[in-house]
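Chemist: Before I ask anything, here is the structure I am working with.
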Amino acid sequence: MVLLRWHADPVVVLGISAMAALYLWGVQRARNVPRSRVRCFAAAVAVLVLALCSPVASVSEERFSVHMVQHLLLTYGAAPLLAFSAPVTLALQALGPGPGRKRLLSVLHSRVVRFVTHPAVTWFAFAGVMYVTHFSRLYDASLRNPFLHGVEHLLYLGTAALFWWPVVRRDPVPGSFPWPARVLYLFLAMPMQSFLGVAILNADRVLYPHYASVSGALADQHLAGAIMWAGGDLLMLTAVGAAIAGWMRFDERETVRVDAALDARRSAADVARAVRGAGGRGVGERRVDDDGAVEDVRVAEELDRLGGEIR
């Protein structure tokens, strides 16, 4: 029965368990870790188990279409969830002040990390891994060699995590990446993914000899291409929509902030004009405040009143 065909590779199980243990250790060491980040990490672990240990992993060795689902789970499921869980921020908080944190900060500020995390580099690295693995002998070789298969999965997960990292930005990321650029970054990934899926869908021969002996191999390959094309585009379109929504929320917050600053500036100008134009007691009168500074009594009273209204 397919549902009972779990693929408990010891290396994979050990790797996922070690990653989960490290994250939980960080949560215990750090303070006030947002629950949303812990939930994202738990979801990422669940997706990794589904992709690498469940029947999906077992059947993927026989059906290219299921193998494609596995890759989408890694690149569009686990990778962005790991980015949302902010592991680097958690590590900085867990290490606390000390040599470990200083070493990690020095690595994060290094030229290598600044280059590797640049959006142009992460975009082309992700696209390059997808195209090179699918249009070379590496893909078929990985199906015959467990070590190469594990390396391929690490490449997918690693480059995908780097791809999502500058967009999600839950961790400290070198440089700035404004919202319009993020939307364009994700939008341009759609034709990249689509072309790869369409190429597999329209192939008139079985591309990978490993699957050639499987009944209905060509039809299954066409299904795999359709899954990459339609499934990948649907997931990326969802990400584009989420990025646009985030952009709109950011603009709303900026509008409120700018309006508040303008209102405060206008209120301060009104107070200054009222003080200059007022007559009678208190005009020009001076006093010494708690810090020893000389201030105008009328100006101080007006500012205190304004501050109380704001509060």
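Any read-out appearing in this document is the output of simple, stated calculations on the displayed coordinates, not a laboratory observation. Worth saying up front: this structure is predicted, and the values here are computed from it rather than measured.
Chemist: To the nearest 10 degrees, how steep is helix 232-277 against the longest Cα principal axis of the chain, on a 0 to 90 scale?
Modeler: Long axis of 232-277 versus the principal axis of the chain: about 10 degrees.
Chemist: So, one more: Across 10 Å bins from the origin, how do the percents of Cα pairs in the chain run, short distances first?
Modeler: With 10 Å bins starting at 0, P(r) equals 5, 20, 25, 18, 11, 8, 6, 4, 2, 0, 0.
Chemist: Expressed as an acute angle from 0 to 90° and rounded to the nearest 10, what is the orientation of the C-alpha long axis of helix 146-168 relative to the principal long axis of the chain?
Modeler: 20
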